[in-house]
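Structure first, then comments.
The values are calculated or read from the model by the stated rules, or taken from the named source; none is laboratory data. The structure displayed is predicted, hence computed values, not measured ones. Every residue, glycine as well, gets a Cβ built from its backbone with ideal geometry; the counts of neighbours run over all protein chains shown.
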Amino acid sequence: MKKTWIIIGIVAVVIVVGLFSYYNKFITQNEQIDGQWAQVEAQYQRRFDLIPNLVESVKGIMGQEKDVFGMIADARTKYAGAGTVNEKAAAATEVESALSRLLVVMENYPQLKSAENVNTLMAQLEGTENRISVERGRFNDEVRNYNVLVKRFPGNMIAGMFGFSERNYFEATTGSEQAPKVEF
């Protein structure tokens, strides 16, 4: 009888340790996702810090493309007012669309290409866009790892017990695969 209680005690300890271990994995993965999203936002902020300088430089050389500048400003405002990751991702995609239109406009105006400050800002913006892409990829990798943990046995049972559920990937909005068309 004493051996039975010892075995039951050992099994109970193993189960409790396993529960805490999985719980801690969920907490760690959640924090990694949040930390990675902060990296994405840091790159968005860098982009948003560069955009006014780029816009002002381009405005100084050409004044006729007001709607492109307005789209960029509107998208920045939407991003600033977004509350959730999905709202921020949608607003960031609008910024990308407006920036793509601005790039097309710039290609049609050779005098812009010769402006040194515009070229410098464009290079910085291009680098920022690459950084954003990398950070988004890392964010989605973290979400994938977490979602696998939530779905895989026995994690799925433990996730349900502690209220952990799947997280959303960063996804481009519908239509973003099409290059914007700029017509004069």
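Starting from segment 76-98, take each residue that is over 20 Å from F139 (Cα atoms) and list its partners that are surrounded by 13 or more Cβ atoms within 10 Å (Cβ to Cβ), counting only C-beta distances under 6 angstrom and pairs at least six apart or across chains.
R76/F48; K78/A91; S97/P180; A98/M71; A98/I72; A98/A75
Would you be able to tell me the number of residues in segment 137-156 that are surrounded by 11 or more Cβ atoms within 10 Å (Cβ to Cβ) and either modelled with pLDDT under 90 or not polar (S, T, N, Q) (or both)?
Within segment 137-156, the first condition is being surrounded by 11 or more Cβ atoms within 10 Å (Cβ to Cβ), and the residues that meet it are 137-151, 155-156.
Adding the requirement that they be either modelled with pLDDT under 90 or not polar (S, T, N, Q) (or both) leaves 137-139, 141-144, 146, 148-151, 155.
Final tally of qualifying residues: 13.
Given the conditions (1) over 14 Å from F162 (Cβ atoms); (2) at pLDDT 90 or above; (3) surrounded by 15 or more Cβ atoms within 10 Å (Cβ to Cβ), which single one is not true for A12?
Of the numbered conditions (1) over 14 Å from F162 (Cβ atoms); (2) at pLDDT 90 or above; (3) surrounded by 15 or more Cβ atoms within 10 Å (Cβ to Cβ), the odd one out for A12 is (3).
Return yes or no: is V105 part of a helix (DSSP H, G or I), β-branched (V, I, T), modelled with pLDDT of 90 or more and in contact with a helix residue (DSSP H, G or I) (Cβ under 9 Å, 6 or more places away or on another chain)?
Working: part of a helix (DSSP H, G or I): yes; β-branched (V, I, T): yes; modelled with pLDDT of 90 or more: no; in contact with a helix residue (DSSP H, G or I) (Cβ under 9 Å, 6 or more places away or on another chain): yes.
No.
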